[in-house]
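Here's the structure we're looking at; comments come further down.
The values are calculated or read from the model by the stated rules, or taken from the named source; none is laboratory data. Please read these numbers as outputs of a predicted model, since none were measured by experiment. Note: ideal-geometry Cβ built from the backbone for every residue, glycine included; neighbour counts use all protein chains shown. Remember, those area values only see protein heavy atoms, side chains included, never the ligands or the DNA or RNA. Shrake-Rupley method; radii C 1.70, N 1.55, O 1.52, S 1.80 Å.
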Amino acid sequence: QVVNYAPFTLLPSAVPSVLFEQAYAVQQDFNLLVDAISQNKEFLEHTLASTIKVDDFTARLFRIHMQVLEEGLAQSVFLGINRSDYMFDCGVDGAPALKQIEINTIAASFGGLTSRTVAVHGRVLKVLGKSKEASCLLPNNPSKGLALGITKAWELYGSQSAVVMFLVEEVQRNIFDQRCIENELWNRNIRVIRKRFRDVFEKGSLDDAKRLYMDGQEVAVVYYREGYVPGNYNQQNWEARLLLERSRAVKCPDIATQLAGTKKVQQELSRPGTLETLLPGHTEAVARIRATFAGLYSLDMGEEGDKIAAKAIADPERFVLKPQREGGGNNLYGEELKQVLEKIRDSPERTSYILMDKIKPQPAMNYLLRAHSPLQVSECISELGIFGVYVRQGKEMVMNKAAGHLLRTKAIEHADGGVAAGVAVLDTPYLV
Ligand code: ADP
Ligand code: MG
C-alpha cells in the first residue's frame with residue numbers, strides 16, 4: 001500500500017484576470033447548454049449518428065440512452081457537475097484569448113484536492129518573503145460547491161433515509177479528492193456509500209417504482225467517478241450501468257449528459273446556428289459561449305471532411321486529432337497525427353475522430369513537484385478549469401452555479417495528459 005502526495009507546482013502561475021473572469025462568467029451558460037443538449041434526443045441522435053457506427057463505446061452508451069427513453073424516464077431530478085477546461089491562446093498580436101479545450105460532464109475530478117492548493121501556495125510565498133502576494137491568492141473550494149449541488153439533489157429526491165452513492169473505480173487512485181466532497185456531505189448529515197460497478201451488479205436492485213436499493217439501502221443520488229472509458233466496463237458492469245440508468249435515483253450525470261460531453265458533440269456545437277437552435281432566446285449566452293470556441297472540424301465522410309483531412313496532413317502542427325475518449329493521453333499531434341490521418345483518410349474510421357485547432361499558450365518557468373521525480377525547472381503551460389453545478393427538477397432549473405476552479409500545469413514537452421495521466425500537476429492561479 002503506497003500513498004503519494006498529489007503533484008503540484010512550487011509556485012502559483014500567472015493568469016490574466018480578464019480571462020479568469022470570462023471563464024467564470026460563461027460557466028452558467030455552459031451549464032444551461034449541457035442540460036439543454038441532454039434533453040434533446042434528436043440532436044444527440046443526429047450528432048452521434050456517424051460516430052456510433054464506428055465507435056463501439058459511444059454506441060453502447062447511446063443504446064442505453066435510447067432504451068431508458070423508450071421505457072420512460074423514472075428520474076425527475078437532474079444533477080450536473082461539469083468542468084469546462086481552457087487554455088490561453090496567444091494569437092498573432094500576442095494578446096492571450098480564452099479557448100475551451102473541452103467540457104467534462106462525467107467524473108470531473110480534482111475539485112477536492114484543489115480546495116487545498118491555495119494554502120500550499122500561500123505558504124510557499126510566505127516562506128519566500130512574499131506575504132503580500134500570498135494574501136492576493138483567491139480562496140477556492142469547489143468541493144463545497146459540488147457538495148451543495150449533491151445536497152440539493154438529495155433533498156429534492158425526498159427521502160430522509162436514502163443515501164448518496166459514489167460509484168468508484170476498481171483501483172482507487174484518487175480517493176482523497178473524492179473524500180473532500182464526501183466529508184462535506186457527512187457534515188450535512190447525508191450518508192455516503194462508496195461502491196463499484198461490480199457491487200451494483202451483485203447487490204443492486206430496483207423496486208416496482210424503480211427506486212434503487214443497494215444492500216437494502218435506498219439510493220437518492222449516484223455520483224459517478226467511474227464509467228467514462230471503455231476499460232471501466234465488462235458485460236456485468238454494462239448491466240449495472242443499465243440498472244442505474246433505469247432507476248429513479250438522481251444520476252450525476254445521467255447517460256444523456258455524459259453523451260453531451262463527447263468530443264463529437266463539442267465539434268457540432270461550433271457549427272454556425274447550432275447554439276442558437278439549442279438555446280433559443282439566449283442571444284447573449286450564445287455569444288459568450290461562442291467566444292471561447294477554437295476551430296473544430298468534422299471528419300465525417302464527404303467533401304467537408306476530405307478538405308480538412310488534407311489540410312491537417314499538409315500542416316499537422318496546426319491541429320490536434322481527437323478520438324471519443326476521456327482521461328488524457330488519447331489525442332494525436334504532429335507527425336503521429338499525420339501518419340494516422342493518412343492511413344484512415346478514405347475510411348469511415350476517420351469519423352470516430354474530430355480535428356481541432358491547436359491552442360498555443362505562452363510558456364512560463366516553474367518547478368513541478370512530483371513524488372520520486374527529480375526537481376527541475378521546466379517551461380510550462382497551464383489549463384484552467386471551472387466547475388459548474390446545476391440541478392433541474394422536471395423542467396425547472398433550481399440551481400445553476402460556478403463552483404470554483406482548477407489550474408493544472410504541465411511541461412511543454414508533453415502535448416497531452418492531465419494530472420491522473422501523470423503529466424500535469426495542481427497549481428493555483430495568481431491573477432495579473
Ligand atoms: P481528455 O478528455 O483526454 O482530457 P482533452 O481534450 O482535454 O481530452 O485533451 C487532453 C489534453 O490535451 C488537454 O489537457 C491539453 O493539454 C491537450 N489539448 C487538447 N486539446 C488541445 C488543443 N486544441 N490545443 C492544445 N492542446 C490541447
Ligand atoms: Mg481534458
L337: passes all of (1) open to solvent by less than 30 Å² (accessible area, probe 1.4 Å); (2) at pLDDT below 95; (3) within 16 Å of ligand 1 (Cβ to nearest atom) but (2)
Could you tell me which of the residues A49, A74, A95 is open to solvent by 20 Å² or more (accessible area, probe 1.4 Å), assigned by the TED database to the domain that holds F166 and touching a residue at least 40 places away in the same chain (Cβ under 8 Å)?
-> A74
Meets criteria (in the same structural domain as N174 (by the TED database), open to solvent by 70 Å² or more (accessible area, probe 1.4 Å) and within 16 Å of ligand 2 (Cβ to nearest atom)) for H414 | yes
Close pairs from segment 367-389: first under 30 Å from V34 (Cβ atoms), partner charged (D, E, K, R) and open to solvent by 70 Å² or more (accessible area, probe 1.4 Å), Cβ under 7 Å, at least 6 apart | V389/K401
Which residue pairs have Cβ atoms under 9 Å apart, sit 6 or more places apart or on different chains, and have a first residue in segment 325-351 that is aromatic (F, W, Y) and a second that is surrounded by fewer than 16 Cβ atoms within 10 Å (Cβ to Cβ) and at pLDDT 95 or above?
-> Y333/E317
Answer yes if at least one residue in segment 57-68 is within 16 Å of ligand 1 (Cβ to nearest atom) and either out of contact with any helix residue (DSSP H, G or I) (no Cβ under 7 Å at 6 or more places or on another chain) or open to solvent by 10 Å² or more (accessible area, probe 1.4 Å) (or both), and no otherwise.
-> yes
Any chance segment 103-113 includes a residue that's away from ligand 1 (no atom under 16 Å from the Cβ) and touching a residue at least 24 places away in the same chain (Cβ under 8 Å)?
-> yes
Given (1) within 17 Å of the chain's Cα centre (by Cα); (2) surrounded by 22 or more Cβ atoms within 10 Å (Cβ to Cβ); (3) under 25 Å from L212 (Cβ atoms), number of the condition E169 does not satisfy = (2)
Kindly establish whether S135 is surrounded by fewer than 19 Cβ atoms within 10 Å (Cβ to Cβ), in a helix (DSSP H, G or I), polar (S, T, N, Q) and out of contact with any strand residue (DSSP E or B) (no Cβ under 6 Å at 6 or more places or on another chain).
-> yes
Condition broken by N330, with the remaining ones in (1) open to solvent by 20 Å² or more (accessible area, probe 1.4 Å); (2) modelled with pLDDT of 95 or more; (3) in contact with a strand residue (DSSP E or B) (Cβ under 7 Å, 6 or more places away or on another chain) satisfied = (2)
Of (1) among the basic types (K, R); (2) farther than 24 Å from V34 by Cβ; (3) away from ligand 1 (no atom under 16 Å from the Cβ), K311 satisfies every one except (3)
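Yes/no per residue for (1) buried (at least 22 other Cβ atoms within 10 Å of the Cβ); (2) touching a helix residue (DSSP H, G or I) at 6+ places or on another chain (Cβ under 9 Å); (3) touching a residue at least 60 places away in the same chain (Cβ under 8 Å):
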| residue | (1), (2), (3) |
| --- | --- |
| I181 | yes, yes, yes |
| D199 | no, yes, no |
| L212 | yes, yes, no |
| D215 | no, yes, no |
| A220 | yes, yes, yes |
| V229 | no, yes, yes |
| N237 | no, yes, no |
| R246 | no, yes, yes |
| L259 | yes, yes, yes |
Exactly one of V120, V171, V164 is among the β-branched types (V, I, T) and assigned to a helix (DSSP H, G or I), and that one is V120
Residues that are open to solvent by 20 Å² or more (accessible area, probe 1.4 Å) and of a type outside the set (A, V, I, L, M), drawn from segment 8-39 = F8, P12, P16, S17, E21, Q22, Y24, Q28, Q39
Of the residues that sit in segment 372-410 and are more than 16 Å from ligand 2 (Cβ to nearest atom) and charged (D, E, K, R), which one is least open to solvent (accessible area, probe 1.4 Å)?
-> R392
In segment 19-33, what residues are of a type in the set (A, V, I, L, M) and touching a helix residue (DSSP H, G or I) at 6+ places or on another chain (Cβ under 6 Å)?
-> V26
Those residues of segment 91-116 which are under 21 Å from V18 (Cβ atoms) and in a loop (DSSP other than H, G, I, E, B), in sequence order = G91, V92, D93, G94, A95
May I ask you to list the residues in segment 372-408 that are more than 19 Å from I106 (Cα to Cα), away from ligand 1 (no atom under 16 Å from the Cβ) and assigned to a strand (DSSP E or B)?
-> V377, Q393, E396, M397, V398
Can you list the strands (runs of 3 or more DSSP E) found entirely within segment 273-371 that contain at least 3 residues being assigned by the TED database to the domain that holds G422 and away from ligand 2 (no atom under 16 Å from the Cβ)?
-> 364-369
